[in-house]
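Here the structure comes first, spelled out in C-alpha cells, and everything after it is commentary.
All of the numbers you see were taken from the coordinates with simple rules; none came from a lab. Treat the numbers as computed from the prediction; the structure is a model and nothing was measured. We place every Cβ from the backbone using ideal geometry, glycine too, and count neighbours over all the protein chains shown.
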C-alpha cells in the first residue's frame, strides 16, 4: 500500500527516502526504476534537493521542468536543482540510476560553492543532454561504485563529486557542439528568457517585458522560442505559471487567496478563471483530484 504524505510539507526527496525506509540523517538517496514505479507522484512537484540521473533504456518520456519539455530517452543525462517545478508527463519506467543529494553531503569539503557554478542545476540551464556510449559507461561505472560504497559517507561525497565533474565536462562538450552547429544565438536567447521568467513571473507575465529585457522584439522572441522550445513566448509564460500553481495546490496547504498572491494575480477570481481555462478544473477541484 502506498504510504501517505503530508501535503503541507511534501518534499519528493524526503518522500522517496521515507517510502524506501532510508535514514533522513544521510544527505543523499539513490533511486531507480522500481523507486519511481512505487512512488506514484504524477503531479508537478517542487524540488528541494539536487538530482543527477542517467537513463539506460526506453523509447522516451517527456520530463517537464517549468514549462520546458525535455524528451528523455536512452542515453540521456538529466540534472535538476532545488526550487524547480518538474513533472513526468508519462509513465517513467525506463531503466535508470539517479542520485538525489543536498549540500550537506559536501559538509566535509572546504566549500560546496562549486554547486553554484554548475548551470545545469539552475533555471536557464540545459537540464537534459544525450551522451555517447563511452560517456554512458563512465557515468554507469560511478553509479555502480556508489551503490557498492553507499554506507561510506566520505566515499559517497567523493563519488558524487566525480559524477558532477563528469557531467560538467560533458556539458562543456555539448556547448561546444552547439556553437559549431550555429544554434548558439537562439539557444542563448531561450536560456536567458527561461531564467528571467523563473525569476520574475509573479511580477511580469507580458511577452513585451521579457523582449525588452533581452533587447529584441516580442515577435522575434516568440519566433526564437518556437524553434528552440517548440512554443511561443506567451504560451511558455502561461504554462510556467500554471506549473507553479499546480505545485502549490498539491504540495502546500496555502489557501487559494495565498496562492493567488504568491503567483502575482490581481485577485482570486482572475486566478481561478485562468487556471480553469488551462486545466478545465477550478483550483479547488484540482487540489482534491
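In plain terms, the chain from residue 206 to residue 278 could stretch by 24.2 nm, reckoned as 0.36 nm per residue minus the Cα-Cα distance. Ranked by the mean number of other Cβ atoms within 10 Å per residue, highest first, peptides 243-250, 62-69 order as 243-250, 62-69. When peptides 42-49, 270-277 are sorted by average Cβ neighbour count within 10 Å, with the highest value leading, the order is 42-49, 270-277.
If you wrap the Cα atoms of the chain in a convex hull and average its projected area over all directions, you get 15.8 nm². One decimal place: the segment residue 267-residue 255 gains 3.0 nm when fully extended, by the rule 0.36 nm per residue minus the C-alpha distance.
Hydrodynamic estimate: the Kirkwood radius of region 26-67 over Cα pairs, inserted into Stokes-Einstein at 37 °C and 0.692 mPa s, corresponds to D of 260 µm²/s. At an R0 of 35 angstrom, the distance between the Cβ atoms of residue 137 and residue 64 translates into a FRET efficiency of 0.75. Normalised by residue number, the volume inside the convex hull of the Cα atoms of region 200-240 is 60 Å³ per residue. If you look at the Cα atoms of region 185-288, you get an Rg and a Dmax of 14.6, 44 Å. Computed over region 185-288, relative contact order equals 22 percent, with contacts defined as Cα pairs under 8 Å that lie 6+ residues apart. Determine, at each q value in 0.19 (inverse angstroms), the log₁₀ of I(q)/I(0) that the Debye formula gives when each Cα of region 33-151 is one equal point scatterer. The calculated log intensity ratios at q = 0.19 Å⁻¹ are -1.17.
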